[in-house]
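See below for the structure under consideration.
The values are calculated or read from the model by the stated rules, or taken from the named source; none is laboratory data. Just so you know, these numbers come straight off a predicted model, no measurement behind them. Positions of Cβ are generated from backbone atoms using ideal geometry, with glycine treated the same way; all protein chains shown enter the neighbour counts. Protein only, heavy atoms only, side chains kept; ligands, DNA and RNA dropped before computing areas. Shrake-Rupley method; radii C 1.70, N 1.55, O 1.52, S 1.80 Å.
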Amino acid sequence: GSVYMLAAAGRRLRLRCPSAGRRCSTTITSDEPAVLSETRVFTAEDVTAFARLTGDDNPLHADVSFASSERYGARVVHGMLYASMFGAIVGVRYPGSVYISQSLSFRRPVFLGDAVTATLTLRRSGGGGRLLDFETTAANQHGELVISGDARVLLPRAARRPRQADPDGISRPSG
């Protein structure tokens, strides 16, 4: 299952509630910067399903003999598959949010069986606390950076409770 963590340095994210200008807020306190992260191990089944959904059947992802004779020496996970972890983290943690933009720089390949930890670090909030800018990074199980970039997220107008994953991996509202 996925593991979700959140910490923030005494930051208060303020959201405007739609009724009568009343303010809604979420307060998170900690000594760490605002961070959301998830770890996932990518399997051959994940790569096959992604290829089927997207039509990306590049032999670097799908063909063992082809991939073994190429640059990386083995099948690699689609970059956009592990990059999609960032949007998933935000969408699960803040239901109703809109993922506005993402820049990506692929640093190293991810291989089948690699454990990838995707991390979003809050850099700035604006728009009345609804517009969030994150640094996005992901590292493999060896701590090697595999992807980096930036993301911009718009939180919903109405305050929603953050969600967190239960031990069974199913996300439910907290509280």
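Scanning region 108-136 for residues that are among the acidic types (Asp, Glu) and in contact with a strand residue (DSSP E or B) (Cβ under 6 Å, 6 or more places away or on another chain) turns up 133, 135. Looking at region 55-127, the helices (runs of 4 or more DSSP H) lying wholly inside it that each contain 2 or more residues that are open to solvent by less than 50 Å² (accessible area, probe 1.4 Å), within 25 Å of residue 142 (Cβ to Cβ) and at pLDDT 95 or above sit at 79-93.
With respect to the conditions (1) at pLDDT 90 or above; (2) among the acidic types (Asp, Glu); (3) open to solvent by 20 Å² or more (accessible area, probe 1.4 Å), residue 168 falls short on a single one, namely (1).
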